[in-house]
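Peer 1: Got a structure for you, questions after.
No lab work stands behind these numbers, since they all come straight from the coordinates. Everything numeric in this text was worked out from a predicted model, so none of it was measured. Every residue, glycine as well, gets a Cβ built from its backbone with ideal geometry; the counts of neighbours run over all protein chains shown.
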Amino acid sequence: MASLNVSSVLVVLFLTCGAVMATKENDQIIKENNCESKMGLLCVLEAFTSIFSTGSISNKCCGELVVLGKVCHSALVKRTLENPLFKDLNPATIIAKSIQTGNNCLVLIDSPSPST
């Protein structure tokens with residue numbers, strides 16, 4: 001019985017340390033790359049709605065998301081998922097939507113605009 005309690009405590013400790021390390025890693029990436037200053041607030045809200053809810057992202061905000069870069073984009077999404085307010089969301093679904101949004105923006109920004 002005592003070994004079961006010790007094992008349970010070790011598992012909880014391991015999981016907690018892993019979550020704290022992930023948070024610190026994302027925070028460090030965000031800080032080192034100045035991620036929070038690379039997009040305007042309106043575009044952050046558009047991207048957030050597109051990824052965490054249902055909505056679209058404008059061409060202008062797609063441009064800002066592409067400039068933000070994949071490293072910042074990924075770290076910001078992962079940090080948001082660590083917030084207890086979003087604990088009921090499926091991380092795999094959100095990460096997939098995040099990648100899809102980023103890829104759609106890359107295609108949109110990289111494609112030549114039609115001539116008028």
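Peer 1: Could you list, in sequence order, all residues of region 61-116 that are under 24 Å from residue 32 (Cβ atoms) and either among the small types (Gly, Ala, Ser) or touching a strand residue (DSSP E or B) at 6+ places or on another chain (Cβ under 7 Å) (or both)?
Peer 2: 63, 69, 74, 75, 98, 102
Peer 1: Moving on to the next point. Out of region 46-69, which residues are surrounded by fewer than 14 Cβ atoms within 10 Å (Cβ to Cβ) and not in a loop (DSSP other than H, G, I, E, B)?
Peer 2: 49, 59, 60, 67
Peer 1: Here's a follow-up. Of everything in region 73-93 that's more than 8 Å from the chain's Cα centre (by Cα) and assigned to a helix (DSSP H, G or I), which residue is surrounded by the most Cβ atoms within 10 Å (Cβ to Cβ)?
Peer 2: 82
For every residue, the table says whether it meets (1) outside any helix (DSSP H, G or I); (2) loosely packed, with under 14 Cβ neighbours inside 10 Å.
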site	(1), (2)
24	no, yes
29	no, no
39	yes, no
71	no, yes
97	no, no
102	no, no
105	no, no
